[in-house]
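For reference, the structure is listed below as C-alpha cells.
A short reminder: the numbers here are calculations on the coordinates, not readings from a lab. Bear in mind the structure is a predicted one, so any value in this text is a computation, not a measurement. Cβ atoms come from the backbone with ideal geometry, glycine included; neighbour counts cover every protein chain shown.
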Amino acid sequence: MNQIFAFLILSGILVSCMNGRINVVVNAAMSSAEAAVERAISLIAVVSLWLGIARVAEKAGLIDAMSKAIAPFFRWLFPSIPKGHPALGCILMNLSANMLGFGNAATPFGLKAMQELQSLNEHPDTASEAMCTFLAVNTSSVTLVPATIVALRSSAGSRNPSEIVGAVLFATTCSTIAAIIGDYIMRLINKKLR
C-alpha cells in the first residue's frame, strides 16, 4: 500500500512539473495541511468530552453492566472459552465499550482479549476459532452511539451531527449479524474439513 501511495504522489508531482503547474500541487498541499490542523484542533474539545463521558461511564459501571447484560449471548458465541476465564471478561468489556462508541477505551480491552485468547490457543502459530470470532464481531461491532462520527460531523459544522445515529445502528447491526453468520458458516466448513 505504501508503494502504491508513493507512486501516486510521485507521479502526480512529476506530471505537474512536466505541465508547469507545480504551484497547484504546492497550494493544494499547504491548504490541505492547514485544513487538517484546523480540524484536529476543533476535534479536541469534542473528543475530550467523549473521553470524559467514557471515563465516567467506566467508573459508574455502565460498561460493566452492559458486559453482564450481553454475557449469556457471548457464552454461546465463544463456547471454547472456559467459564470465568479472563478472556471472556476482556471481550465483553471491549464490545461494550465499542457499542457506546468509546473506541479509545475499547482498544486496550481488545488487545488484552487477544492476549488471553492466545493463552488458550493450542496452536500458537494459528488463530483459534475464538480469536477469529472475536475479530469478526469486534470489526463489525454494533454501535449504539457513534461518538467519533458525531464528533467529526460536529466539527465540520453539521446542523444535526447526531442524525446519523439510526443509520449507523442499522448498518452496524446488519454487519454484526453478517459477521456472526459468516463466522458460524466458516466454523461448520472447518469442522467438515478436519
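Observations, loosely collected:
- Here LYS112 is the anchor, and the lysines within straight C-alpha reach of less than 29 Å, apart from those fewer than 8 places off in the same chain, are LYS59, LYS68, LYS83, LYS191.
- Rounded FRET efficiency, nearest 0.05, which uses the C-beta distance separating VAL56 from ILE4 and R0 of 45 Å: 0.60
- Theoretical gain in end-to-end length, ALA40 to LEU144 [0.36 nm per residue, Cα-Cα removed]: 35.0 nm
- Counted by neighbouring Cβ atoms within 10 Å, the residues ILE149, ILE91 run from fewest to most as ILE149, ILE91.
- For the chain, the spread of Cα positions along the three principal axes, ordered from largest to smallest, is 66, 44, 28 Å.
- Taking the Cα centre of the chain as origin and assigning +1 to Lys and Arg Cβ atoms and -1 to Asp and Glu Cβ atoms, the resulting dipole is close to 300 debye.
- Extending 7 Å from Cα along the Cβ direction at MET18 and again at THR173 yields two label points whose distance is 5.3 nm.
- Every helix of 4 or more DSSP H residues in the chain counts as -39500 (n - 2.57), and over all residues that averages to -27000 deg cm²/dmol at 222 nm.
- The stretch between LYS192 and MET30, if pulled fully straight at 0.36 nm per residue, gains 52.6 nm over its current Cα-Cα span.
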